[in-house]
Amino acid sequence: MYLISAYFDENTNKILKYLQQRIADKTGNDFMIRNNVMPHLTLSSIEARNVDVLIPAFEKVCRGKLQPLEEKSVANNTINIVSVGQLFPRVIYAAPVLNEYMMKLSISIYNEFATIPETNISKFYQPYSWMPHITLGKCLDKEQMRQAFAVLQDLFMPIDGRITKIGLSTVNPYREVMSVEL
């Protein structure tokens, strides 16, 4: 499996990492910290036999389609993280607003990668069936989920951030194949 993920500016990363650490401290579940999982927003999850078939499409999308909407647009690469939620039974996350920029990213990526033979894009990462989320805690049991939610009730505040990098990676183990700074 391969992922295409968005990464954030330094300040947004600092806030999200702080929340990950507080969840780990309170729950004793340090999965995100121990595995060095950088705060990210997965844009697509793709099954393919070999990453080599994905690289040309990734490069093509990055050559222009992932750039800001307009040079002077206030929405350039903006992400507004406004809520928290849970994917039962084991994940707690921060939720951004699905704005025009993120929707265009999703559609551009899908349209480019869907044309590659012998690949399969996860149904959970296709346009109009994608729920953007930034995982803050993973592999949590029932009590840890309650504790993590309590942490976020006390600490979470809306975050205005920016997407500054898009990356193509493998999973299990995680390895960045390539990335593009925006």
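The values are calculated or read from the model by the stated rules, or taken from the named source; none is laboratory data. What you see is a predicted model; the values in this text were computed from it and never measured. Don't worry about glycine lacking a Cβ; one is built from the backbone with ideal geometry, like all the others, and counts go over all protein chains shown. Just so you know, the surface numbers come from the protein's heavy atoms only, side chains and all, with ligands and any DNA or RNA stripped out. Shrake-Rupley method; radii C 1.70, N 1.55, O 1.52, S 1.80 Å.
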Sole exception among (1) surrounded by fewer than 16 Cβ atoms within 10 Å (Cβ to Cβ); (2) modelled with pLDDT under 95; (3) under 18 Å from F156 (Cβ atoms) for N11, by number: (2)
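Please determine, by comparing only the residues of region 92-124 that are hydroxyl-bearing (S, T, Y) and more than 19 Å from the chain's Cα centre (by Cα), which one is surrounded by the most Cβ atoms within 10 Å (Cβ to Cβ).
T119
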Residue count, region 158-182, condition hydrophobic (A, V, I, L, M, F, W, C), more than 17 Å from N76 (Cβ to Cβ) and buried (at least 18 other Cβ atoms within 10 Å of the Cβ), comes to 1
Of (1) open to solvent by less than 10 Å² (accessible area, probe 1.4 Å); (2) not in a helix (DSSP H, G or I), V61 fails just (2)
Does L155 satisfy the condition of being surrounded by fewer than 16 Cβ atoms within 10 Å (Cβ to Cβ), modelled with pLDDT of 95 or more and within 24 Å of N35 (Cα to Cα)? yes
Qualifying positions in region 136-182 - of a type in the set (V, I, T) and within 14 Å of T27 (Cβ to Cβ): V151
List pairs: first in region 113-134 and within 19 Å of V61 (Cα to Cα) and assigned to a loop (DSSP other than H, G, I, E, B), second open to solvent by 100 Å² or more (accessible area, probe 1.4 Å) and of a type in the set (F, W, Y), Cβ under 9 Å, 6+ apart or cross-chain? W130/F124
Find the residue count for region 125-141, including only residues that are open to solvent by 30 Å² or more (accessible area, probe 1.4 Å) and either touching a Pro at 6+ places or on another chain (Cβ under 7 Å) or among the hydrophobic types (A, V, I, L, M, F, W, C) (or both). 2
